[in-house]
2 protein chains.
Amino acid sequence: MKTHEQMLEVAIQQAKIGLSEGGVPIGAALFDKNGNLLGAGHNRRVQNDDPATHAETDAFRNAGRQTDYRETILVTTLSPCWYCCGLIRQFKIGTVIIGENETFGVGEDSLRELGVKVIVMHNQECKALLGGFIEKHPEIWNEDIGEVCSSCEA
Amino acid sequence: MKTHEQMLEVAIQQAKIGLSEGGVPIGAALFDKNGNLLGAGHNRRVQNDDPATHAETDAFRNAGRQTDYRETILVTTLSPCWYCCGLIRQFKIGTVIIGENETFGVGEDSLRELGVKVIVMHNQECKALLGGFIEKHPEIWNEDIGEVCSSCEA
């Protein structure tokens with residue numbers, strides 16, 4: 001069985017791939033209960049012009065069609081937005097491991113209330129990767145979380 | 001300005017395309033505040049082997065990158081699942097027009113509580129399209145909403 005750190009490392013590698021493609025550096029991976037990788041992915045807003053593909057939904061897609069997610073583990077470098085929390089809720093993903101929740105975090109409590117096991121790693125590499133991107137591209141970051149930022153339009 | 005019925009018709013056409021491809025017949029479309037079509041799409045689980053693409057997320061993707069969804073109108077043949085409700089919440093989509101909510105419906109009230117304008121059309125064609133598919137393929141339908149159906153395994 002992989003450790004939480006080892007699983008998070010797979011998501012971090014995805015965030016780095018995203019960054020190297022010029023994209024928002026958020027990565028994710030879905031594992032089965034034994035720690036076998038089902039699928040990994042990253043945010044594709046910039047590189048694919050695809051606003052619907054967050055890291056979590058990319059990993060979920062790349063894991064292919066599954067009939068039961070209740071024992072799966074979703075690992076993501078950033079606390080999931082409401083869109084990705086909705087994915088977790090609808091498909092009853094059992095465990096979510098979060099790299100960091102200081103840059104962004106909205107739905108962790110609601111996931112816990114639904115019975116999802118939520119683990120926050122407070123990983124500084126995750127925070128530094130995304131923080132550096134947001135500093136350079138605040139308008140892309142705001143777009144990615146649906147925030148209308150008047151100061152970004154300047 | 002298009003009527004609700006005219007906008008729903010675009011989503012229904014997408015559901016029919018999905019059905020003709022062998023897929024789950026749920027369609028959706030995103031319009032701007034003036035009723036101009038931004039993007040349309042349909043569920044792609046079967047035809048693309050893509051569990052992450054529900055009708056609403058396909059329409060959202062096909063609308064391309066937008067910076068402000070607050071006045072957009074999302075039309076869908078079926079009441080949105082938690083995943084798609086999360087999309088609506090995160091990106092602050094202002095209005096949701098729903099073909100029918102008898103086959104499935106979980107999040108309409110929570111959307112209303114968030115200030116989303118929700119309109120249900122009680123359209124029988126939407127219900128018949130999906131109902132016919134579910135009768136033939138209950139296992140695919142359950143997979144699409146994350147329901148583990150032991151009786152489907154027989």
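The values are calculated or read from the model by the stated rules, or taken from the named source; none is laboratory data. Note that the structure is a prediction, hence the values are computed from the model and not measured. Note that we place each Cβ from the backbone using ideal geometry, even for glycine, and neighbour counts take in every protein chain shown.
A few points about this structure:
- The residue that is nearest to B:SER79 (Cα to Cα), among those in region B:122-137 that are crowded, with 19+ Cβ neighbours inside 10 Å and of a type in the set (A, V, I, L, M), is B:LEU130.
- The condition of being of a type in the set (Gly, Ala, Ser) and crowded, with 19+ Cβ neighbours inside 10 Å holds for only one of B:GLY115, B:GLY107, that being B:GLY107.
- Beta carbons closer than 9 Å, at least 6 apart along the sequence or on distinct chains, pair a first residue in region B:50-72 that is touching a residue at least 40 places away in the same chain (Cβ under 8 Å) with a second that is of a type in the set (Gly, Ala, Ser) and in a helix (DSSP H, G or I) for B:ALA55/B:ALA11; B:ALA55/B:ALA15; B:ALA55/B:GLY18; B:ALA59/B:ALA11.
- Restricting attention to region A:88-101, the residues that are in contact with a helix residue (DSSP H, G or I) (Cβ under 8 Å, 6 or more places away or on another chain), in a strand (DSSP E or B) and away from chain B (no Cβ under 14 Å) total 4.
- Qualifying residue in region A:132-142 (condition: touching a Gly at 6+ places or on another chain (Cβ under 9 Å), polar (S, T, N, Q) and at pLDDT 95 or above): no
- Filter result (within 7 Å of chain B (Cβ to nearest Cβ) and either aliphatic (A, V, I, L, M) or in contact with a Ser or Thr (Cβ under 8 Å, 6 or more places away or on another chain) (or both)) within region A:48-65: A:ALA52, A:THR57, A:ARG61
- The residue that is farthest from the other protein chains (Cβ to nearest Cβ), counting only those in region B:69-87 that are farther than 14 Å from B:PHE31 by Cβ and of a type outside the set (Ser, Thr, Tyr), is B:LEU78.
- B:MET1, sole failed condition from (1) farther than 24 Å from B:GLU108 by Cα; (2) touching a Gly at 6+ places or on another chain (Cβ under 9 Å); (3) within 14 Å of chain A (Cβ to nearest Cβ): (3)
- B:VAL148 meets each of the listed conditions (1) touching a residue at least 12 places away in the same chain (Cβ under 8 Å); (2) more than 19 Å from A:TYR83 (Cβ to Cβ); (3) β-branched (Val, Ile, Thr); (4) surrounded by fewer than 20 Cβ atoms within 10 Å (Cβ to Cβ) apart from (1).
- Any hit, region A:122-142, residues being acidic (Asp, Glu) and either under 21 Å from A:LYS16 (Cβ atoms) or within 15 Å of the chain's Cα centre (by Cα) (or both): yes
- Candidates B:CYS126, B:CYS152, B:CYS84, filtered to the one that is assigned to a helix (DSSP H, G or I), touching a helix residue (DSSP H, G or I) at 6+ places or on another chain (Cβ under 8 Å) and at pLDDT below 95: B:CYS152
- Residue within region B:110-121 that is within 30 Å of A:THR67 (Cβ to Cβ), outside any strand (DSSP E or B) and either under 13 Å from the mean Cα position of the chain (by Cα) or more than 9 Å from every other protein chain (Cβ to nearest Cβ) (or both) present: yes
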